[in-house]
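The next block holds one structure in the form of C-alpha cells; read it before the comments.
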Amino acid sequence: MYLKIFTALIFLFSIACSTVVDSELPIIPKPNGTNFKPGKFVCAEEIPIGFEDAGLNGLSDNFINFLGNFPGAGITFGKSKGIPAIQLKLDENSGCEEEGYMLEITPSKMAITSSGESGLFYGLISAAQLLLFAEEEDGKKVLPCCMVKDQPRYGWRGLMLDESRHFFGKEKVKQLLDYMALHKLNKFHWHLTDVPGWRIEIKQYPRLTTIGGIGNHHNPNAEAKFYTQQDIAEIIKYASDRFIEVIPEIDMPGHATAANKAYPEFSGGGSEKHPDFTFNPGKEGTYQYLTNILKEVSLLFPSEYIHIGGDEVHFGNQQWNTDPNVQELMKDENLENLVEVEHYFVRRMADSITALGKKVMGWDEIIKAGLDTASSVIMWWRHDKPHLLDDAISARFNVIMCPRVPLYFDFDQHESHEWGRKWGGAYCPIDMVYNFPVDTIDGDNNKVMGIQANLWSESIKDNKRLDFMTFPRLSAMAEAAWSNEETKEYQGFMERLKEMIKLYQKDNIYYFDFFNPEKTKEPAGFKK
Ligand code: ACM
C-alpha cells in the first residue's frame, strides 16, 4: 500500500517536473546550462533587488533605467528596502568568468552571482526576461525553480551600424543599444565615415561635418547630419551603462569621398564610378591630417580599438598611377604596385594608432599589409573568399567573423523580398543566421574572438526599414554568439522568439514576421 502511494507520488512528481524539464526557460540567448528543480517562485508586484550589499549602486541605476525602456513589462524593479527578492553577489571565487553568472531561483528568492559586474548584469538580464515572459497563475507571474550556470561562447558579440549612407540619430541608436543589451550583445561598431557622409565632429577640421556631413545615399543634397562630440560621449556612456563597448570606424584609404569633399587637398582621386574615393598616400600631409583626426577619436572613445576600414581600395585608386606624389612615394619606398602602396598606407596609419595607445581593427583586406599581429584584429567579411579567414588565423591575427552571408543584415531575409541585397541569389534568412558558424574552423579556434552582424544602410533609408532588417535576425544572431553549439536548438529558439516578439510589438518595432511572411509588408529601400 505504502509502496503504491510512494510509486504514485514519484510518478506524479516526475510528470510535474518533466513538463518543466522538457521546456526551456524563455531566455534569448539560451543559457549554456540549466538544471530545473522542484518548486516555483511567485512574483510580488514589485521586485526588490538587493544591490546595496554588493556595493553596486551604479549597476542598479543602470539596470533600472535600462529596464524602464521596455514597455508594458508589468514589473517594477526597485532597490530593496527589506529582504530583496533578487540578490546580487560579486564573488571572485564564484567559478564564473567575468561575463558568466549563476542564477539560482528558489521559492523565496532569485540569487545572482558572478565574478564581474558584466556577469551580474547578464544574470539580471536573464532574470528580467524570465519575469517579462513568465506565465501567470492567479494573476501573478510564476517562475520555475532552477539553477542556471551560464557564460558566453564568444567574447565578441557585435553589431555594426552604418550611419554614413543613412543617418538614424541618437534615439534610434539608443533603442538598438537597449535591444543589444537585452540580448547580451557587447560590441557596437559604429561606421561613421564613408562615401555619402562624414558623421563625427572633428574639432580641428570642422568642414568634415559642415560640408562632409551633407548628403546621404539617396540624396546628395540632404542637410548635414552628424554627431557632435558631446552626442558621441552621450552614446558611449549609454552603451557603457549596458556593458557595451563602442568601436569607431574611420574608413581609409578608400571610402573617403565625404572627407575629400571637405578637404580636397588630401584626396588621392577616384575612378569614374567612384570619384574622389581615396585619401592620397603620396602626401606626407595626409598622414598628419588623418593622425590628427584619429587623435580626437582616440580621446573620445575609451575602446582599445580604432577601426580603420581598409576595404575595397581598388574601387577608386586608379589615379594613384599618375599622381606625382604617389609615384614619388613608390620610387622612394620601392613599392611595386598599388596594393603595396595601400599596404604601406595601412602600416603608417597603424603606427599612428599604436602611438595613440590603441589597437588596429580592419576589414580582411589588411591581412597582408604587414601589421603587428598582436596589436591588430581582422574582420573577415568576404564570405566568397573563405580562405581569408584561414589566412588571418594562420598569420596569428585575432579575428572576428562577419561574413556577408549570413551576417550582413542589409541582405534580404526572405525570397519574396526585393529591396535588400543578394549574392548570386544567396540571402540571409534567420535560420542561416542562427546556425552560424556551420563549418569548423581550421587552425586555432582561440584566435576567433567572436561574431558580428553588419547593418549597411545603402538600402535602409528610415527607421521602419532598419527595424525590418534587424528584427528578428538580431535575436538569432545573439544566440549564435552566446550559446554553445550543444546548447543551440532552432525549434526551441522559435518558441522563445514568439515571446520576444511580443516585446517588439509593445515597443512598436516593425519586425519581419517570418512566422507569417505575407503579413509584414517589406518597406521600400534603395538599390545599392
Ligand atoms: C565591406 O562590406 N566593404 C566591409
Check your understanding: In this structure, is residue 463 touching a Lys or Arg at 6+ places or on another chain (Cβ under 8 Å) and not charged (D, E, K, R)?
Key -> yes
Point to revise | Failed condition for residue 345, given (1) within 17 Å of residue 288 (Cβ to Cβ); (2) under 25 Å from the mean Cα position of the chain (by Cα) | key: (2)
Check your understanding: Looking at (1) more than 19 Å from residue 316 (Cα to Cα); (2) in a helix (DSSP H, G or I), which is the one condition that is false for residue 219?
Key -> (2)
Review point. Pick from segment 295-311 the residues that are hydrophobic (A, V, I, L, M, F, W, C) and surrounded by 15 or more Cβ atoms within 10 Å (Cβ to Cβ): which of them is nearest to the ligand (Cβ to nearest atom)?
Key: 308
Check your understanding: In segment 317-329, how many residues are free of Cβ contacts under 8 Å to residues at least 40 places away in the same chain and in a helix (DSSP H, G or I)?
Key -> 1
Check your understanding: Out of curiosity, is residue 314 of a type outside the set (Ser, Thr, Tyr), within 16 Å of the ligand (Cβ to nearest atom) and in a helix (DSSP H, G or I)?
Key -> yes
Practice item. Tell me, please, whether a residue that is among the β-branched types (Val, Ile, Thr) and within 23 Å of residue 101 (Cα to Cα) can be found in segment 443-453. Key: yes
Point to revise | Subset of segment 254-289 [among the hydrophobic types (A, V, I, L, M, F, W, C) and surrounded by fewer than 24 Cβ atoms within 10 Å (Cβ to Cβ)] | key: 262, 266
Review point. Hey, among the residues in segment 444-460 that are out of contact with any Ser or Thr (no Cβ under 7 Å at 6 or more places or on another chain) and of a type in the set (A, V, I, L, M, F, W, C), which one's nearest to the ligand (Cβ to nearest atom)?
Key: 456
Review point. So, in segment 494-527, of the ones that are assigned to a loop (DSSP other than H, G, I, E, B) and among the hydrophobic types (A, V, I, L, M, F, W, C), which residue ends up farthest from residue 166 (Cα to Cα)?
Key: 515
Revision key, fill the gap. Log entry, pairs with first residue in segment 176-188 being under 12 Å from residue 470 (Cβ atoms), second being at pLDDT below 95 and not in a strand (DSSP E or B), beta carbons closer than 8 Å, six or more apart or on different chains, reads 180/242
Practice item. Inspect segment 473-481 for any residue being in contact with a strand residue (DSSP E or B) (Cβ under 6 Å, 6 or more places away or on another chain) and closer than 25 Å to residue 246 by Cβ and give the result as yes or no. Key: yes
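Conditions (1) at pLDDT 90 or above; (2) hydroxyl-bearing (Ser, Thr, Tyr), marked per residue:
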residue: 80; (1), (2): no, yes
residue: 84; (1), (2): no, no
residue: 97; (1), (2): yes, no
residue: 113; (1), (2): yes, yes
residue: 122; (1), (2): yes, yes
residue: 127; (1), (2): yes, no
residue: 134; (1), (2): no, no
residue: 138; (1), (2): no, no
residue: 154; (1), (2): yes, yes
**Study point:** Condition check for residue 131: touching a residue at least 40 places away in the same chain (Cβ under 8 Å) and out of contact with any Cys (no Cβ under 9 Å at 6 or more places or on another chain)
**Key:** no
Point to revise | segment 252-272, residues that are in contact (Cβ under 8 Å) with a residue 40 or more places away in the chain, more than 15 Å from the ligand (Cβ to nearest atom) and not aromatic (Phe, Trp, Tyr) | key: 258, 259, 261, 262, 268, 269, 270, 271
Practice item. Report, by residue number, each residue of segment 338-380 that is basic (Lys, Arg) and more than 25 Å from residue 441 (Cβ to Cβ). Key: 347, 348, 358
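The values are calculated or read from the model by the stated rules, or taken from the named source; none is laboratory data. Because the structure is predicted, anything quoted here is derived from the model rather than measured. Note that each Cβ is placed from the backbone with ideal geometry, even for glycine, and that neighbours are counted across all protein chains shown.
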